[in-house]
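A.B. asks: Dropping the structure in here first, questions after.
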Amino acid sequence: MFNFKALLSDVLVEKGKTFKDLENAGIICERSFYQYKDFTPYLPTVIEIANYLQVSLDYLSGRTAENRFVEYDLKRLSFYDNLIKIMKSADIDQSRLAKDLDIGRTNFVYWRKGRLPKLATLVRLADYLNCNIDDLLYRI
């Protein structure tokens, strides 16, 4: 299971920061932090955390040991369009992706309408499609 709390804790220690620093910056509250073992926050919150700590989402999620941070801009996200481009280049259709990753097909409708997945879903998609999380968001 994806344990965002453990991953975040490791990066906080590395950066010489504490949870209290995130709380004082108005990014997350104490109650939320302790629930991150079982779920990840909404993606815009994760992006705020990544920007504050100056880490890439691939680094924050433990997908890579190399931090290639470039500040994230929520206004420039194009997740759905990039997902479709990457799927086409890998010759994978929505049915196959949904089946292989056990992702509800209705998610594609939500994503097309602008809803963003959680970080754990982005990690699964990036692993499956052999790409970076940043590629899925907007850096293509």
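The values are calculated or read from the model by the stated rules, or taken from the named source; none is laboratory data. These numbers were taken from a predicted model, which means no experiment stands behind them. Note that we place each Cβ from the backbone using ideal geometry, even for glycine, and neighbour counts take in every protein chain shown. When the accessible area is computed, the model is the full protein with side chains, heavy atoms only, and any ligands, DNA or RNA have been set aside. Shrake-Rupley method; radii C 1.70, N 1.55, O 1.52, S 1.80 Å.
A.B. asks: Per residue, how much accessible area does the chain have with a 1.4 Å probe, in Å²?
C.D. replies: 57 Å²
A.B. asks: Considering only protein heavy atoms and a 1.4 Å probe, what is the carbon-and-sulfur percentage of the accessible area of the range 33-86?
C.D. replies: 46 percent
A.B. asks: Nearest 0.05, what FRET efficiency do Thr106 and Glu71 give at R0 = 30 Å with Cβ-Cβ as r?
C.D. replies: The value I calculate is 0.40.
A.B. asks: Pop out the ³J(HN,Hα) list for the range 54-64 in order, Karplus 6.51 cos²θ - 1.76 cosθ + 1.60 with θ = phi - 60°, rounded to Hz; leave Gly and Pro as x.
C.D. replies: Per-residue couplings from phi come out as 6, 10, 6, 5, 5, 6, 4, 8, x, 6, 9 Hz.
A.B. asks: Please list the radius of gyration and Dmax for the range 38-82, considering alpha-carbon atoms only, with Å as the unit.
C.D. replies: When restricted to Cα atoms, the range 38-82 yields Rg and Dmax of 10.8, 29 Å.
A.B. asks: Okay, moving on. Just to be sure I understand, if you calculate percent of Cα pairs over 24 Å apart for this structure, which of (1) 24; (2) 30; (3) 33 do you get?
C.D. replies: Only one option fits the structure, namely (2).
A.B. asks: What angle, in degrees between 0 and 90 and rounded to the nearest 10, separates the Cα long axis of helix 79-89 from the longest principal axis of the Cα atoms of the chain?
C.D. replies: The helix 79-89 is inclined about 50 degrees to the chain.
A.B. asks: Using helices alone, what [θ] at 222 nm do you get for the chain, with -39,500 (n - 2.57) per DSSP H run of 4 or more residues, divided over all residues and rounded to the nearest 500?
C.D. replies: -15500 deg cm²/dmol
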